[in-house]
1. Please specify each residue of region 120-145 satisfying the condition of being under 13 Å from Glu178 (Cα atoms) and in contact with a Pro (Cβ under 9 Å, 6 or more places away or on another chain).
2. Determine, yes or no, whether Ser208 is of a type in the set (Ser, Thr, Tyr), assigned to a loop (DSSP other than H, G, I, E, B) and within 31 Å of the chain's Cα centre (by Cα).
3. Can you pull out the strands (runs of 3 or more DSSP E) entirely within region 40-143 that have at least 2 residues that are surrounded by fewer than 18 Cβ atoms within 10 Å (Cβ to Cβ) and modelled with pLDDT under 70?
4. Quick check on my filter: what residues within region 337-358 are of a type in the set (D, E, K, R) and at pLDDT 80 or above?
5. Name the residue, out of Ala306, Ala365, Ala358, that is in contact with a strand residue (DSSP E or B) (Cβ under 9 Å, 6 or more places away or on another chain) and either closer than 18 Å to Trp255 by Cα or buried (at least 16 other Cβ atoms within 10 Å of the Cβ) (or both).
6. Of everything in region 339-379 that's of a type in the set (Phe, Trp, Tyr) and assigned to a loop (DSSP other than H, G, I, E, B), which residue is nearest to Asn318 (Cα to Cα)?
7. Where in region 243-300 are the helices (runs of 4 or more DSSP H), entirely inside, with at least 2 residues that are under 17 Å from Leu132 (Cβ atoms)?
8. Which ones in region 128-144 are in contact with a Ser or Thr (Cβ under 6 Å, 6 or more places away or on another chain) and either closer than 22 Å to His315 by Cα or aliphatic (A, V, I, L, M) (or both)?
Amino acid sequence: MVSRSRSASLPGWSGLHRRRYKDPKIVPDATIDLALPQSMYKSSLDIVGSYTGDNPFFLSSERWDVAPLEGTYVANSYTYTYEGSPVPNTLSGFTTGRASFLADPLSNSGRAAQIAARSNPSRPAVDLPVALFELKDLPHMIRQAGDAIRWYRGARDKELPSVAGLASANLAYQFGWEPLISDMWKLLTFQESYEKKRKELMRLYSGSGLRRNINLETLTDTFSESGNFQGGFGTAFNFSGVRTRTTKIWGSIRWKPTVVPPGGVPTDLAVYRAALGLDITLASVWEAIPWSWLVDWFTSAGDFLAAHRNTVPAHFSNICIMRKSECVGRFTSTSNPNGRSWRGATAAFLKEERTPYADLIYPTAYLPFLGNGQLSILGSLAILRGKTNGIR
């Protein structure tokens with residue numbers, strides 16, 4: 001087993017930069033060839049000779065398409081005419097040297113915990129003990145639903161609800177009605193969940209075990225920027241650009257049973273227990289603890305407990321974490337000095353990596369990217385907290 005490194009580049013294209021005197025009869029034309037050094041570059045690092053192993057892999061590539069300068073420029077008794085001339089290397093250096101990717105907020109241990117938690121054969125379709133425990137909040141939820149109906153009727157008479165009332169209704173939906181409706185729907189369609197769990201256990205008890213691919217997260221952002229580059233003969237072009245960055249994260253894992261039932265076929269009771277979570281585990285207790293959801297936003301504690309849920313005796317191995325990051329920038333000219341013009345450029349950067357994870361999984365803390373739903377929950381909590389402190 002040896003590592004292998006490869007790289008390749010495609011040459012750029014060349015253009016003509018014609019130089020003429022103001023009076024072409026005096027001196028003949030002089031032609032200068034210019035060329036962009038390269039338009040695409042790729043490099044990769046992988047393992048050779050280990051066909052069945054979990055091998056690391058890394059690939060990076062850069063590609064840019066730069067429009068040529070166009071127009072005529074007069075200076076020092078010369079007339080410079082650009083005919084398909086590439087943009088000077090100062091811009092290619094700007095676009096290729098400024099690649100930036102969205103960083104993964106979780107460590108490899110945190111991602112491994114997510115992969116194991118979401119692929120665990122013991123993961124229930126409906127965690128019935130937790131759902132029954134949460135029914136204690138049903139009377140309060142019904143009262144809030146009645147308040148919402150009264151607010152709706154009052155809105156027709158221009159009697160709008162208070163900000164605190166809206167915050168309370170948002171929390172009631174996020175933590176009460178939404179999970180309740182989801183659990184009810186899963187119970188109504190439980191036959192489908194039962195068949196899915198049965199097939200999953202059949203694959204687990206096969207000779208090769210259960211292999212799963214899990215999509216974890218896709219991060220994205222967009223930002224604007226501006227700058228300038230030298231267009232030759234001391235003339236600067238101003239330009240603006242927009243960069244879009246995306247990072248997709250997923251993983252793979254293999255589960256093998258610790259105990260195989262007779263004949264390698266799971267019993268109906270075993271399938272029901274796994275699909276409905278009919279056991280009391282630390283993962284179930286954690287879900288029932290107030291504010292555990294907030295801890296899970298900033299740590300992998302919940303994933304750690306779910307990864308070690310053992311309703312179906314099994315152990316995991318062969319975890320691989322994959323990340324694909326892209327950064328695409330599009331630039332356009334905002335000035336055309338001295339009669340010259342430039343139609344812009346596009347620069348694209350790609351990074352792909354596969355990281356085998358063979359260490360122990362342990363809880364980790366991190367700073368996440370909070371979505372709109374999470375921000376609305378925090379805002380509602382802040383409003384209600386302010387109300388209890390006398391703030392309106």
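The values are calculated or read from the model by the stated rules, or taken from the named source; none is laboratory data. Only a predicted model underlies this, so the values are computations on that prediction, with no experimental measurement involved. Reconstructed Cβ throughout: ideal geometry from the backbone, glycine too, with neighbour counts over all protein chains shown.
1. Those that are under 13 Å from Glu178 (Cα atoms) and in contact with a Pro (Cβ under 9 Å, 6 or more places away or on another chain): Ala131, Glu134.
2. yes
3. Details: elements: 57-66, 69-75, 78-85.
Here the list reads 69-75, 78-85.
4. We begin by selecting, within region 337-358, every residue of a type in the set (D, E, K, R); these are 340, 343, 351-354.
Residues satisfying the conditions are Lys351, Glu352, Glu353, Arg354.
5. Working: Ala306 fails: in contact with a strand residue (DSSP E or B) (Cβ under 9 Å, 6 or more places away or on another chain); Ala365 fails: either closer than 18 Å to Trp255 by Cα or buried (at least 16 other Cβ atoms within 10 Å of the Cβ) (or both).
Of the residues listed, the single one that is in contact with a strand residue (DSSP E or B) (Cβ under 9 Å, 6 or more places away or on another chain) and either closer than 18 Å to Trp255 by Cα or buried (at least 16 other Cβ atoms within 10 Å of the Cβ) (or both) is Ala358.
6. Tyr362
7. In region 243-300, 268-276, 282-288 are the helices (runs of 4 or more DSSP H) which contain 2 or more residues that are under 17 Å from Leu132 (Cβ atoms).
8. Correct list: Val130 only.
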